[in-house]
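K.L.:
Take a look at this one; I'll ask things after.
The values are calculated or read from the model by the stated rules, or taken from the named source; none is laboratory data. Predicted model only: the values in this text are computed from it and were never measured. Cβ: placed from backbone, ideal geometry, glycine included. Neighbour counts: every protein chain shown.
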């Protein structure tokens, strides 16, 4: 071998086993056939000092320190030299024997292995280099560690990519059912062929979801319910926060529960991992497959996935619980339709400023009296949103209790003022309300008698049977501000077919129009209801809401509440259908009021 044959290779790292005695003797006998040996070291006059002009070590001394093993063959394919590294990596190759006699086809080029090949538990890579005189040299490299590091890096990247997708997919579902279905769907096929998620039992029953791998298709997902007492012991153990490890009986239990369709216990390996929750596991995840055993890396990946799944399910359950509480509270705070009273037809419309909350600071309602009449009211509390709705609920509860002991409107408003004033001062809220409160009683002629009390609210309107609209001269002070407020009171008679209309300032103070900042105002409201005296009460209330929203043109607005009561006579019945809306006269500015 010439110097050019070995030029450019780095020295080794010392990982060279001691050659056998026979091979050491073969190497010490001289260079391989056809390869001139390097000249021995030349020394100068002083044997202790080498000649500075030339130092020629033996070539075998240089080669044995290469990282790669060397196998040198002559033109006939007979091995002439095997370096110590090659001897350790390829014990089948011996000097003096044909290379083909080693039995390794990859060495003769019959089977190319560009990515290396496995041999004696190691990963080797062969590089063939032609030499002069039809000779050849095989460079043998041990790439086990580098391949293992590359495989570990690829596996870690795959795990990170999978967990990133999991985090993205599980960040959206805010309902436990949808979140659970997403969890098992993501598990297959990356972690399992069959995945079963069991949520923590509620009311003695446990919901479960299962995803099953389908050939070249998305996994199929189904679900079911089991009594908590019928859950497999491994699942119960997992729900307590303990991860079961006896995988043999674990598979038997999963098969017995019917969760592993088409699979037998002998061909399946499974694991159960709890899904972390707030105080206790949100559920457990059962993963099963028949391809390979769950090693430590697989189990860690399943646990990391379970942690993300548990966080998603905990969030979904918390959101569901909060939504249930919010729905219950909203249902209790939404205005209740007035109670039916003989000879009275009610009509209502309600649009909170925050439509998503469905509640606000406006309220209305009616309660029947023992004498056949009814107490009715419409009001507005200060503020908007949830806080205003809670204050509204308190006010309605006070009214529901007080009207039973004081049916007179003026006195009832004063009692309500005292109760609200005490409540607001105790809590330091400083809230107040405006209200129209009345008592309606039917007459024998079919008409109605209304006794109205005003607490700082807008005056009601009366639609007479002739088409004219009257404003009721009702005044008074705010409710819940000062002790013993001045309360206005007035009595109004409604003949059959006439209607009294109560409304909140969300109607008159709605800003819109051509410039977008002009208030709807009292005059436009009067114009809007003029000619609507034949409308049923429900249609009239909806009419007022509609013209107000048209004026707003989808802009922001305050809470809107409308209450209409119409005298229908003794045989009158409420009708919910709408009559045609008459033409609306123009206001003095020349703008249509609708």
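K.L.:
Determine if segment 207-217 includes at least one residue that is crowded, with 16+ Cβ neighbours inside 10 Å, modelled with pLDDT under 90, over 28 Å from the mean Cα position of the chain (by Cα) and in the same structural domain as residue 272 (by TED's automatic domain parsing).
P.N.:
Scanning segment 207-217, I find no residue that is crowded, with 16+ Cβ neighbours inside 10 Å, modelled with pLDDT under 90, over 28 Å from the mean Cα position of the chain (by Cα) and in the same structural domain as residue 272 (by TED's automatic domain parsing), so the answer is no.
K.L.:
Confirm whether residue 341 is surrounded by 15 or more Cβ atoms within 10 Å (Cβ to Cβ) and at pLDDT below 90.
P.N.:
In short, yes.
K.L.:
Next question. Restricting attention to segment 489-518, which residues are touching a helix residue (DSSP H, G or I) at 6+ places or on another chain (Cβ under 8 Å) and either modelled with pLDDT under 90 or buried (at least 19 other Cβ atoms within 10 Å of the Cβ) (or both)?
P.N.:
499, 501, 503, 506, 507, 510, 511, 512, 513
K.L.:
Looking at segment 462-506, which of its residues are out of contact with any strand residue (DSSP E or B) (no Cβ under 8 Å at 6 or more places or on another chain) and either farther than 20 Å from residue 414 by Cα or outside the structural domain of residue 529 (by TED's automatic domain parsing) (or both)?
P.N.:
Passing the criteria: 465, 466, 467, 468.
K.L.:
If you check 316, 254, 306, which single one turns out to be buried (at least 19 other Cβ atoms within 10 Å of the Cβ), over 30 Å from residue 446 (Cβ atoms) and modelled with pLDDT of 90 or more?
P.N.:
That would be 306, the only listed residue that is buried (at least 19 other Cβ atoms within 10 Å of the Cβ), over 30 Å from residue 446 (Cβ atoms) and modelled with pLDDT of 90 or more.
K.L.:
Hey, among 124, 191, 174, which residue is under 30 Å from residue 99 (Cβ atoms) and touching a residue at least 24 places away in the same chain (Cβ under 8 Å)?
P.N.:
Matching residue, one of 124, 191, 174: 124.
Results for (1) touching a residue at least 40 places away in the same chain (Cβ under 8 Å); (2) buried (at least 17 other Cβ atoms within 10 Å of the Cβ); (3) more than 23 Å from residue 492 (Cα to Cα), shown as yes or no for each residue.
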| position | (1), (2), (3) |
| --- | --- |
| 409 | yes, yes, no |
| 433 | yes, yes, yes |
| 446 | yes, yes, no |
| 467 | yes, no, no |
| 481 | yes, yes, yes |
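K.L.:
Identify, please: which residue in segment 348-406 is surrounded by fewer than 15 Cβ atoms within 10 Å (Cβ to Cβ) and under 23 Å from residue 478 (Cα atoms) and is, among those, modelled with the lowest pLDDT?
P.N.:
387
K.L.:
Test residue 274 against the stated conditions and say whether it is in contact with a helix residue (DSSP H, G or I) (Cβ under 6 Å, 6 or more places away or on another chain), assigned to a loop (DSSP other than H, G, I, E, B) and buried (at least 20 other Cβ atoms within 10 Å of the Cβ).
P.N.:
Taking the combined requirement at face value, the residue does not satisfy it.
Yes/no matrix, rows are residues, columns are (1) outside any helix (DSSP H, G or I); (2) surrounded by 11 or more Cβ atoms within 10 Å (Cβ to Cβ); (3) in contact with a helix residue (DSSP H, G or I) (Cβ under 9 Å, 6 or more places away or on another chain); (4) modelled with pLDDT of 90 or more:
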residue	(1), (2), (3), (4)
124	yes, yes, yes, yes
147	no, yes, no, no
157	no, no, no, no
168	no, no, no, no
177	no, yes, yes, no
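K.L.:
Taking the conditions exactly as written (modelled with pLDDT of 90 or more and surrounded by 13 or more Cβ atoms within 10 Å (Cβ to Cβ)), does residue 102 satisfy them or not?
P.N.:
no
K.L.:
I would also like to ask the following. Which of the residues spanning segment 179-205 are over 27 Å from residue 267 (Cβ atoms) and part of a strand (DSSP E or B)?
P.N.:
199, 202, 205
Residue-wise test of (1) over 60 Å from the mean Cα position of the chain (by Cα); (2) at pLDDT 90 or above.
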| position | (1), (2) |
| --- | --- |
| 42 | yes, no |
| 59 | yes, no |
| 62 | yes, no |
| 68 | no, no |
| 74 | yes, yes |
| 80 | yes, yes |
| 90 | no, yes |
| 98 | yes, yes |
